[in-house]
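The values are calculated or read from the model by the stated rules, or taken from the named source; none is laboratory data. If you're wondering where the values come from, they're calculated on a predicted model, not measured in any experiment. Reconstructed Cβ throughout: ideal geometry from the backbone, glycine too, with neighbour counts over all protein chains shown. Accessible surface areas use protein heavy atoms only, side chains included; no ligands, DNA or RNA. Shrake-Rupley method; radii C 1.70, N 1.55, O 1.52, S 1.80 Å.
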Amino acid sequence: MPFISDGRKLVQHAFNNNYAMPAFNICSLEMAKACVMAAEAEEAPIIIQTYPGDLKHASPKVMQAMVKALAEEASVPIMLHLDHGEGLSMAVSCLRAGYSSVMFDGAEESLAENIAKSRRLAEVAHAAGASLEVTADAFEDGQAMSDLDDTKALMDGSGADKIAIAVGSRHGQSSRLDLAHLSALASNLGRPLVLHGGSGIAAEDLAEAVKLGVVKVNIGAALLRNLLASWSKEAPSAKLHYEVFDFARNNLIEVARDKIRIMKASGKAAGF
């Protein structure tokens with residue numbers, strides 16, 4: 001299936017059909033391939049994304065070429081997203097390389113500055129035929145709760161396509177969502193929502209979040225921890241690196257398939 005160059009298409013499909021796509025943070029071919037194989041096994045659309053740190057190991061051009069090649073050999077829709085983009089320059093570099101979507105992380109800005117910079121980047125992303133994600137709050141402590149009025153102001157003022165909200169998830173930790181607050185945000189916005197720190201969110205909370213308009217859930221720590229554990233277990237006795245890669249990839253596939261199922265994305269590729 002062709003690589004989905006305009007992320008807005010998949011985001012809207014998920015929103016209209018009540019499912020969420022896992023957005024898998026990857027930094028290597030083995031990680032990306034595992035996520036694609038999991039998506040094919042579940043017949044699900046997915047998002048593959050790179051963090052700024054990943055782009056220090058391979059440029060946006062290299063990452064895009066790799067993911068696009070995997071997507072074109074796959075049987076399911078796949079898009080590529082920049083996670084926590086650090087300003088206009090990084091986002092533009094990724095858009096020029098052919099990313100389907102970028103995020104502007106303006107959480108440390110004032111609301112007015114966040115809106116202004118997000119609006120400018122929305123114009124750039126849309127001109128490039130891509131999607132923009134913005135965020136209203138910082139997520140580092142896992143305690144912030146997105147303000148209803150500020151979140152709506154950012155979404156309406158920026159022209160972004162999806163917005164990351166803070167409702168209790170914690171990066172790399174087990175967490176429960178404030179579903180009542182999520183429901184209030186969903187009712188107030190009526191637009192596609194994103195959750196960060198998705199690896200540790202309770203499965204039952206994720207299932208409810210999907211019903212409330214969450215279309216994208218970031219999954220990073222679950223893959224990273226499994227990858228490191230797989231390497232530690234297999235590498236000492238391996239005679240060839242292929243054995244290590246295969247073992248790790250097979251374990252990552254199961255992690256990814258589990259997240260796909262929880263988010264109700266299984267089988268949704270057929271309707272895209």
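Listing for the model above:
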{"item": "Span-like helix ranges in the chain, DSSP H, alpha carbon extent 18 angstrom or more, Kyte mean at least 1.6", "result": "none"}
{"item": "Mean residue ellipticity (222 nm) of the chain, computed from DSSP H runs ≥ 4 via -39,500 (n - 2.57), nearest 500", "result": "-15500 deg cm²/dmol"}
{"item": "Residue-level accessible surface for residue 195, protein heavy atoms, 1.4 Å, Å²", "result": "0 Å²"}
{"item": "Mean Cα-pair separation over length for the range 1-96, i.e. relative contact order, pairs under 8 Å, 6 or more apart, %", "result": "38 percent"}
{"item": "Fully extended contour minus Cα-Cα distance, from residue 145 to residue 108, at 0.36 nm per residue", "result": "11.9 nm"}
{"item": "Two-site label geometry, residue 156 and residue 51: point separation in nm, points 7 Å out along Cα→Cβ", "result": "3.5 nm"}
{"item": "Label-point gap, in nm, between residue 120 and residue 203 - each point 7 angstrom along Cα→Cβ", "result": "4.6 nm"}
{"item": "Given 33/239; 68/162; 68/259; 117/268; 56/162, the pairs whose alpha carbons are separated by over 29 Å", "result": "117/268"}
{"item": "Relative contact order of the chain, defined on C-alpha pairs under 8 angstrom at six or more residues apart (%)", "result": "24 percent"}
{"item": "In nm, spacing of pseudo-spin labels at residue 266 and residue 88 (7 Å Cα→C-beta vector)", "result": "4.6 nm"}
{"item": "Residues whose placed amide H lies under 5 Å from that of residue 131, excluding near-sequence neighbours", "result": "7, 8, 101, 102"}
{"item": "Label of the coordinate-derived value, P(r) over Cα pairs in 5 Å bins from 0, in percent, listed as (i) 1, 7, 14, 18, 20, 18, 12, 6, 2, 1, 0, 0; (ii) 1, 6, 12, 15, 16, 13, 10, 7, 5, 4, 3, 2, 2, 2, 1, 1, 1, 1, 0, 0; (iii) 1, 5, 12, 15, 17, 16, 14, 9, 6, 3, 1, 0, 0, 0", "result": "(i)"}
{"item": "Sites residue 234 and residue 58, calculated FRET efficiency, Cβ-Cβ separation with R0 22 Å, nearest 0.05", "result": "0.40"}
{"item": "Sequence of 115, 78 when ordered by accessible area, the most exposed leading, probe 1.4 angstrom", "result": "115, 78"}
{"item": "Heavy atoms of residue 189: accessible area, 1.4 Å probe, square angstrom to 10", "result": "20 Å²"}
